[in-house]
Every structure is written in C-alpha cells, then in structure tokens.
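As structure tokens, the structure follows; a few thoughts come after it.
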C-alpha cells in the first residue's frame, strides 16, 4: 500500500503539479491566440514574442522595484510590475494594429497575408526584445520560493517521497483561474464581450447591427496583450525568461489552441492542459514510479522514458498533426483552419 | 398610389459588383406603414436592388432618399442609425448566441433601456420567448427567420428591409411570417421585401415591383399586378 501511495506522490510531484502549472500557462497563451483568430481571423505568429515583450517590460520594472527596495514578499515583486508590463504590451499591440494590420484590414486581405504580416511583427518584436534586454536567460523571481517543500511534506507524512509546490506554480494556477473566470464573465455578460462574440460569429450581421468593428478589434488586442503578458510572466517566474524559449512556446500554444478548436476559448483551455500533460507524461522517466508501484523485484532496469525531454516539442507537433488530420476543427469545434 | 413622396426612395439606381451593371435605372419606393414587394425571375437583380438601397453596393448613378433626405453617401451602419434595418437572406442570425443575445445585439446601437422593445418582439413572436436561452443555430428555419426579423426590429426601425424572409420555410410557416409582417407594417413601419413566392407576397403588398434584368418591368399595387394578365402569365405561373 505504501508503495502505491509513494508512487502516486512521486507522480504528483513530477507530473501532475508541473503539468497543471504548465497547462495553465499554455491555456492563457492559447486564449490570446484563439481570441485574435476568432475576431481578426488570422493566426497571430507574433503571440510568442508578444509574450516575450510583455515579460521583458515586467522584468525591467521588477528589477527597478527590487533596486528601490520595494517588495511584496512572500509574493514575487514581478506581480507588482505586471500591470505596467500589460500596459506596455497593450500599447505595442495597438501600435502594431494601427501601423500594420489595419492597412490589411482595409485592403480586405486574405488571412494568409495577415499571417505573413504577423511574422513580420514577430521579427520586429523579437529584435526589440533582444536589443533591449539581450538574448540571455534572465531570472527575476524573488519572494518565498516554495509553498511546500518535499522535505516538509516527508516530515509531516512520513512517506519516502515528497511533493514540492513552488510559489510560481501556485500563483500560476490561481492567476489562471482568475483570468479565465474574468474573461468568460466578460465574454458572456458584458456588452463589449457580447459584441465580440457577435463579431466573431457573423461579421456582416454584426456590422448591420451597428457594432463598430474597429472598437471590437481594439478590445481584442487589449485582451490578447494582457493575456500574453500574464502568460509570459507566469512562465518566466516558473522557469526563467529567455526570449528564444518564448518564441519556441509558439508551437505548444498554437497546438493547444488548434486542438481545442481555434476561436473557441473553452477549447483553448482544454487544449492547453492536454498539450501540457502529453508533454510531461511522455517525457517523464517512470523507473522510480514503477519501482514503487510494482511488487519487489519487478522494478525495471531502464529509465522507462518514452521520449527524451529534448523532444518535447515533437509531442505537440505530433498531436497537432493528428488533430488536423482527424478533426480539423478541433475537439471542441472551432473554425476550420 | 398616392401623390405624396414615399418615405424611402431609390431612384435611377444603376450599378453592380464588378465592371458590368446589374441594375439599370431602377426605381423603388415605399411609404410608412406600407409593404412593398420586389418580385421577378432569378437573376433579375432583386437582392442587388435591396443592397443598393441599403448602401451595400457602389452606385454609378441614382440616389437613395430617406424621409426626403439624400442618404446615398451613407454607409450601411449609418443607415441603421438613421432608422433603417436589414434582414439578409442568408446568415441572418448569430448562430452561436442565444435568441435573447441575438435580440440584444440587434439593439446594440441603442443606449436606452430596450426591455419594452424586447417585450414587443416576444409578443410578436411568442416562440422566441420560450426559446430565449437556446442558441439561435439550434432553431428550425422558420424560428430562425423570426429571430432574424426580431433582431432587425430591436432598433425600432422606421424601415424594415427583408431579403426573402420565407426562403426555405414551409407554406404554413410562410403564411405565419406574412401575418407577422403585416402586423409590423400596421405599426407604421415601411416594409420593403424581396420575395421568391411572388403570388403570396403580392397578395399582401401595397406596392409591387416586377424586375427583369435589373430594370423595372411592371410597377403597380399588389392587387393590380395580381390582376394583370401579362404579369400572371409571365411571373405568377398563369
């Protein structure tokens, strides 16, 4: 019995807790992608670098606050700087819309043209971030690091294995829950949110109803920028901030949004967790887990790891391809890609 | 036909989507509380004429007047604000949104309390009240058309334009819808509609316009067109 429990604790520590945290981060990222797709009708490839830009702005203010001795310990100072990062990102997104996307909107350009334009925006943001903060790994987490340490868990429960929960992980889950509830409330109940849904559902009829498309687009960018910054900062607190990693996050984020069904917010959340758990479960080495779970001498010799962590991006890629082959509108039914 | 000028007038409408004109010097008008029906064979430019009146077509010649004022240069959205409302033939409801939300979106430009208008729409179409929480995409064809008309009525329009409101619904539902449309007209709203079911539509029409190849062929009261042997033979199946 103890063996099974130890195995479950081990799994919680290395798979479930990190999976939930990573899943929440992907979900918030995918929500931004899916909203832009639903309203502006293109895949925004600049989303990863928008996340990086927002995180950079937040990191810079965090450092400033730290140097001024401002602290909200046990919480990370970055939380205090987050609203500033969000505002900077909103301005950047609105500027990109004004200078790039609006032109193509007036031209009534095809979605693929928007997509290419967003790749241009991606390169600009990418360069901007590297120019300002550099391409290196930046740490900006401070405050209390753990909600629960493995050692304490072991002392309290007398199991061999322990569960570690990092502050950043707890923070991620709580923030994600708040963000998702707030977003859904906004979309379901508020006038502006309903007009966004109407615009996404039937653009022509929305125009006939007197809904102002430019306003809907502006609100969408504001929300997408806020979501991107929040996702980026949470990911950075949990791991670290490196611009290139954020660019790479584009793949699992798009996979999440597409798996759930592009344009469908609920699907984006479900997709985020699916991708996260697939990545974590496939790359985890089950040797110790099996040693606990199986009777005495059945313990495996090898690592029992399906894929090396280096291949984690392959996981989202394979899922993406399978979904596009078998169910192009995603599991929860969005728009066909 | 009366001597006073109609509330909504499209005059000498000429234009099309690409290079060639679809409408040629087409005249259409409807007064308050009247029902005007545009009929004609397929490809006669009926829907195009509606689009021209609503500002969704670039006119090469001609003008549109509402209540005596020239609105030719206004966008469709601006025309909505001026009291015009349009129900397109296809995709005329927000399928993913509930019936009530559809009606709310219809009232989007209104900043005042629209609960009384919502009540009026529910009185006109009782089934919508019953299904107010259901997604519009899950409704039957006839119920969808009711949502579409209801949405258009939410702005309290002075002109209601309907592009084939009875397309794809059963004869019983069609008669139902026509009854409702008469009711709407009686409240003083000018109704301009395009209809595929010419015979039934002309029966309720104060004015009828028979278009052929983008030109006015016959223009008269509904009853007179119904009585005209040429119209009967060519457009009403005998």
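The values are calculated or read from the model by the stated rules, or taken from the named source; none is laboratory data. All figures in this text were calculated on a predicted structure; none of them were measured in a lab. Here the Cβ is made from the backbone with ideal geometry for all residues, glycine too, and neighbour counts use every protein chain on show.
Can you find even one residue in the stretch B:111-120 that is within 12 Å of chain A (Cβ to nearest Cβ) and in contact with a strand residue (DSSP E or B) (Cβ under 9 Å, 6 or more places away or on another chain)?
Checked the stretch B:111-120: no residue is within 12 Å of chain A (Cβ to nearest Cβ) and in contact with a strand residue (DSSP E or B) (Cβ under 9 Å, 6 or more places away or on another chain).
Listed here are the residues, each with its yes/no results for (1) closer than 30 Å to residue A:192 by Cα; (2) more than 19 Å from the chain's Cα centre (by Cα).
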| position | (1), (2) |
| --- | --- |
| B:33 | no, no |
| B:42 | no, no |
| B:54 | yes, no |
| B:67 | no, no |
| B:78 | yes, no |
| B:88 | yes, no |
| B:100 | yes, yes |
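Against the conditions (1) in contact with a strand residue (DSSP E or B) (Cβ under 9 Å, 6 or more places away or on another chain); (2) more than 11 Å from chain A (Cβ to nearest Cβ); (3) in contact (Cβ under 8 Å) with a residue 40 or more places away in the chain; (4) more than 18 Å from residue B:51 (Cα to Cα), where does residue B:160 fall short? Just the number, please.
(4)
Taking into account only those residues within the stretch B:69-82 that are more than 29 Å from residue A:334 (Cβ to Cβ) and facing chain A (nearest Cβ under 7 Å), which is surrounded by the most Cβ atoms within 10 Å (Cβ to Cβ)?
Of everything passing the filter in the stretch B:69-82, B:80 is surrounded by the most Cβ atoms within 10 Å (Cβ to Cβ).
Any residue that is surrounded by fewer than 20 Cβ atoms within 10 Å (Cβ to Cβ), closer than 30 Å to residue B:106 by Cα, in contact with a helix residue (DSSP H, G or I) (Cβ under 6 Å, 6 or more places away or on another chain) and away from chain B (no Cβ under 14 Å) - is there at least one of those in the stretch A:143-153?
No.
Report, by residue number, each residue of the stretch B:189-238 that is under 16 Å from the mean Cα position of the chain (by Cα) and part of a loop (DSSP other than H, G, I, E, B).
Within the stretch B:189-238, B:189, B:195, B:196, B:197, B:205, B:206 qualify.
Could you list, in sequence order, all residues of the stretch A:246-263 that are over 10 Å from residue A:30 (Cβ atoms) and outside any helix (DSSP H, G or I)?
A:249, A:261, A:263
Might you let me know whether the stretch A:169-182 holds any residue that is within 14 Å of chain B (Cβ to nearest Cβ), in contact (Cβ under 8 Å) with a residue 40 or more places away in the chain and in a helix (DSSP H, G or I)?
no
Being touching a residue at least 12 places away in the same chain (Cβ under 8 Å), within 24 Å of residue B:217 (Cα to Cα) and away from chain A (no Cβ under 14 Å): is that true of residue B:47 here?
No: the conditions fail for residue B:47.
Any idea which of A:199, A:186 is within 11 Å of chain B (Cβ to nearest Cβ) and either in a helix (DSSP H, G or I) or crowded, with 22+ Cβ neighbours inside 10 Å (or both)?
It is A:199.
Look at the stretch B:170-179 and say how many of its residues are in contact (Cβ under 8 Å) with a residue 24 or more places away in the chain, assigned to a helix (DSSP H, G or I) and surrounded by fewer than 17 Cβ atoms within 10 Å (Cβ to Cβ).
Of the residues in the stretch B:170-179, 1 are in contact (Cβ under 8 Å) with a residue 24 or more places away in the chain, assigned to a helix (DSSP H, G or I) and surrounded by fewer than 17 Cβ atoms within 10 Å (Cβ to Cβ).
Of the conditions (1) within 14 Å of chain B (Cβ to nearest Cβ); (2) assigned to a helix (DSSP H, G or I), residue A:211 fails just one. Which one is it?
(2)
Quick one: is residue B:123 at pLDDT 95 or above, more than 9 Å from chain A (Cβ to nearest Cβ) and more than 24 Å from residue B:48 (Cα to Cα)?
Yes.
What residue, of B:63, B:85, is part of a strand (DSSP E or B) and either more than 10 Å from chain A (Cβ to nearest Cβ) or farther than 24 Å from residue B:203 by Cα (or both)?
One residue alone meets the criteria, B:63.
Do we have residue B:213 as buried (at least 23 other Cβ atoms within 10 Å of the Cβ) and either away from chain A (no Cβ under 14 Å) or touching a residue at least 40 places away in the same chain (Cβ under 8 Å) (or both) here?
no
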